[in-house]
1. Tell me the angle of helix 408-418 to the major Cα principal axis of the chain, expressed in degrees between 0 and 90 and rounded to the nearest ten.
2. Using 5 Å bins from zero, what percent of all Cα-Cα pairs in the range 109-150 falls into each bin?
3. Between the helical axis of 388-404 and the dominant principal axis of the chain, each derived from Cα atoms, what acute angle in degrees is found, rounded to the nearest 10?
4. Show that you can apply the helix-only estimate: for the chain, add -39,500 (n - 2.57) for every DSSP H stretch of four or more residues, divide by all residues, and state [θ] at 222 nm to the nearest 500.
5. Treat the count of other C-beta atoms within 10 Å as a stand-in for reagent exposure and order 390, 27 from fewest to most.
6. Compute the projected area of the convex hull of the Cα atoms of the range 350-451, averaged over all viewing directions, and report it in nm² to one decimal place.
7. At 4 °C and 1.567 mPa s, what whole-number value in µm²/s does Stokes-Einstein give for the translational diffusion of the range 125-192, with Rh from the Kirkwood sum over Cα pairs?
8. Run the numbers for residue 131 and residue 146: contour at 0.36 nm per residue of separation, minus the present Cα-Cα distance, in nm.
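Quick note: the coordinates plus some simple rules give every number you see, no bench work behind them. The model shown is predicted, which means the values in this text are computed figures rather than measured ones. Backbone-built Cβ (ideal geometry, glycine too); neighbour counts: all protein chains shown.
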């Protein structure tokens, strides 16, 4: 008997879920999206954070390679102009505890490019390698009952119409209406939590100056420990010989949208390196602002009842402050859980939806802990205060980060967790604890760890006199 799955949302989570379904005994996979999808790597309206910096960590990249059949996404992204950055040597990072040293040793990598390129590469790969169909349509509800979902209701000019399905996946992102849809089926009691630091992102794209093509990714991190609004900035290489420069400020420290104010903001950070770099670079865009940055957790896996044949993945399950670079990887991990459960019993196996939710929630919870554990420390945060446990973990993490400014062992523990190849418990292994207790064997660096060539290049780009 023919089986059909409908995926709501053609973003990263939706296309990865569609790829899994297409190779798991589902005869017809339909992806619905309300946007007109671009033919190339271009921004689309339905992705509010799409214009800002995104980091694709090694763990997420590994998961995507596994999920999309017949093509190396990593090679495809690199061929399209993405950059592979070593966390150990290819990054300048000023943390609240000081500058991280750069080590001439192998370490985890991350890919940097525009979010539009990631989405386009995944979408085209899935459509090339599978029979997945994408339709432009707006989902307005679910059909079925509290016991089981039977399809999706979509808006149509002559009145709403229904698409029957054996499995429905909600991957509609931050704007999901899943709680309302569940209420319509008679499923209530879903607990939600929002932690909002008031973060505003401001991003401008520049042409990389001649000679600066290999300049390290540069980031000045926000400091949540000083009882002031968090303020940060990043210079990230992306495709097309461009720098994407993103600033972020929590409530009371928001970056401005005008070009002059944008530059001043970068120069007023604890180190002016970002402003010095871009002061001599050619801007290619205006400054784009986004305020869609709150952490939102929908505890769907803990609902008293859950309808069969309905799965929720990606940002529809949990969204995080994008400053921490977790969302794309968590979406891929959720799709992996779906794939494993489909392999066990097929799309109509009893209890599959609940098992997928519980499995996907584990990676969501790990990312949530890391994001919220820092966001609750900022002044005027809404939705949470640090607990005693949060303060204990924060104190330990700060000690680990301070050690990492000059300890390779401590830095390795942080890289492993940051790259999302290992869970946060990696920080509590005996070797990591020993490194944190021992501290840094090297004195703190008061200046960015630049090579002589990089220092000369920075001086040549600087138009600020800083």
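1. Its long axis makes an angle of about 30 degrees.
2. Pairs per bin, as whole percents: 5, 15, 14, 15, 15, 15, 10, 7, 4, 0.
3. Taking Cα atoms only, the helix is inclined about 50 degrees.
4. Taken over the chain, the calculation gives -10500 deg cm²/dmol.
5. Least to most surrounded, the residues fall as 27, 390.
6. 9.7
7. Estimated via Stokes-Einstein, D reaches 96 µm²/s.
8. The span from residue 131 to residue 146 would gain 2.3 nm if fully extended.
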